[in-house]
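The values are calculated or read from the model by the stated rules, or taken from the named source; none is laboratory data. A quick note: this is a predicted structure, and the numbers were derived from the prediction, not measured. Ideal geometry is used to build each Cβ from the backbone, glycine not excepted, and the neighbour counts take in all protein chains shown.
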Amino acid sequence: MNTKNIPAIMTLSAGAITSIITFLLRYEVKTMLGILLLVLLIFYGTGLFVKYILDKFQADVAKKEAEEERLRKEEEARLAAEKEEEEEKKKAAASETPEAE
């Protein structure tokens with residue numbers, strides 16, 4: 001998942017909503033801009049925090065998947081080695097038994 005745009009999307013959405021609400025409530029321009037600046041800073045920080053949490057979660061999931069893949073490959077290699085060992089034992093046993101002719 002691409003988390004690069006999360007802070008910008010959160011900031012712009014909050015800014016748009018704040019602008020509309022302060023305009024409809026007929027705030028003065030100076031007050032409106034002060035509130036908007038405060039909201040933009042708060043939501044940008046919140047967006048960065050959300051992005052960090054999601055990135056960390058993705059890294060943990062990827063690490064877990066890599067570990068599971070490694071374990072699966074080790075298990076396949078172990079099973080293949082056991083199968084080869086059994087086949088060698090069968091061949092050795094077959095070659096040791098005298099053939100009745």
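Pairs meeting the criteria (first residue in region 55-74 and more than 18 Å from residue 6 (Cβ to Cβ), second residue part of a helix (DSSP H, G or I), beta carbons under 9 Å, at least 6 apart or on different chains) are lacking.
Exactly one residue out of 22, 31, 46 is of a type in the set (Val, Ile, Thr), surrounded by 12 or more Cβ atoms within 10 Å (Cβ to Cβ) and either over 32 Å from the mean Cα position of the chain (by Cα) or not in a helix (DSSP H, G or I) (or both): that is 22.
With respect to residue 34, is the statement that it is closer than 17 Å to residue 7 by Cα and either at pLDDT 95 or above or not charged (D, E, K, R) (or both) true? So residue 34 fails the test. Out of 67, 87, I need the residue that is at pLDDT below 95 and either surrounded by 11 or more Cβ atoms within 10 Å (Cβ to Cβ) or of a type in the set (Asp, Glu) (or both). Which one? Result of the check over 67, 87: 87.
Summed over region 34-43, residues that are over 34 Å from the mean Cα position of the chain (by Cα) and of a type in the set (A, V, I, L, M) total 1.
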